[in-house]
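Reviewing the structure listed below.
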Amino acid sequence: MSSEASALVEQAIVVVCNERERDPLGSIPIDDMQGRPSIPVHSSEAVEGARRAQRLLPIARNLTIKSLRELAVEHNFHRTRGYSARMQGAVRRVSAVKWIKPDVDSRDNASVFLDRPRTITFGTIFLVGLPSDEGMISVLSHELMHIADGNHDSLNGLFETLGERASRLTGLEIHDQKAEELACDLVGAMAARAFVASTPDYQPLARRLSRVVAHNCVVEDEGDEDHLSPRNTIRALFALKPALARELVNGEEELFVPRRRRR
């Protein structure tokens, strides 16, 4: 990235994390969640979180499919051999997901098991820690993307393309599982952004957009073999989608005008 683009990304991160602190529906940062005591499945707050996730699941399914198709075109994945069959399989798998399963032992995580492809397992701390619809859709869409990929890594070509591009933009090493996780985060951000556009209200745009990634506003910024650190995840997302960073900084929705092809 240019120095100006890099500065925009950092400024957008500041906006996200400042909004999270002021927002009544701001997400709890992941490192904060990790230090909290477990929440029983039948507690009122976990039950309410599970109900909200279940209510939003059909919306997340539709927006995930839409965002995946947009991303495939944007990165020319739709031109690869066997694309139609892979996309049809991904759509079929996403459409089949029907249930949210709250789980106390999963704590601050959400996950999917490919031998139970109709269910997303949600830690009760995570259910409670994402009080906004925008934050919940972002995480639901992330998990749906793992389901879309399926047992045969049908979207691996797209994941690697995104990882290579993000690596060039940020200087980070984003390959293999890290590329898949970032791609899932990117579709989650795109789906949540589409949700914001389809449900206008009187809240500031920057506040609603900040909820998409605010759970990554950590103090202890650590990654692992399979994941970028939370704050580097935000950096990579904004590097891949600079329009989102500009919307956060400027507080105004951008109009996307398709480029005309030269004859």
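For the reader, a short list of remarks on this structure follows.
- Restricting attention to the range 79-115, the residues being loosely packed, with under 15 Cβ neighbours inside 10 Å and in a helix (DSSP H, G or I) number 5.
- Of all residues in the range 214-248, those satisfying the criterion of being surrounded by 16 or more Cβ atoms within 10 Å (Cβ to Cβ), among the aliphatic types (A, V, I, L, M) and either within 14 Å of the chain's Cα centre (by Cα) or not in a loop (DSSP other than H, G, I, E, B) (or both) are 214, 228, 234, 236, 237, 239, 240, 244, 245, 248.
- Residues satisfying the stated conditions in the range 9-28, i.e. out of contact with any helix residue (DSSP H, G or I) (no Cβ under 6 Å at 6 or more places or on another chain) and in a loop (DSSP other than H, G, I, E, B): 24, 25
- Of the residues making up the range 89-108, at least one is without any contact (Cβ under 8 Å) to a residue 12 or more places away in the chain and farther than 22 Å from residue 214 by Cα.
- Qualifying residue in the range 116-139 (condition: touching a helix residue (DSSP H, G or I) at 6+ places or on another chain (Cβ under 6 Å), buried (at least 22 other Cβ atoms within 10 Å of the Cβ), in contact (Cβ under 8 Å) with a residue 12 or more places away in the chain and closer than 19 Å to residue 236 by Cβ): yes
- Of all residues in the range 190-211, those that are in a loop (DSSP other than H, G, I, E, B) have Cβ atoms under 6 Å from Cβ atoms of residues that are modelled with pLDDT of 95 or more and polar (S, T, N, Q), 6 or more apart or on another chain, in 211/132.
- The residues of the range 173-192 that are more than 10 Å from the chain's Cα centre (by Cα) and buried (at least 19 other Cβ atoms within 10 Å of the Cβ), listed by number, are 174, 178, 179, 180.
- Leading residue by the ranking (surrounded by the fewest Cβ atoms within 10 Å (Cβ to Cβ)) among those in the range 140-159 that are in contact with a strand residue (DSSP E or B) (Cβ under 8 Å, 6 or more places away or on another chain) and of a type in the set (A, V, I, L, M): 147
- Cβ-Cβ contacts under 7 Å between residues 6 or more apart (or on different chains), taken from a first residue in the range 1-17 that is in contact (Cβ under 8 Å) with a residue 40 or more places away in the chain and more than 16 Å from residue 207 (Cα to Cα) to a second residue that is aliphatic (A, V, I, L, M) and assigned to a helix (DSSP H, G or I), are listed as 1/169; 1/239; 8/245; 8/249; 9/239; 9/245.
The values are calculated or read from the model by the stated rules, or taken from the named source; none is laboratory data. These numbers were taken from a predicted model, which means no experiment stands behind them. Backbone-built Cβ (ideal geometry, glycine too); neighbour counts: all protein chains shown.
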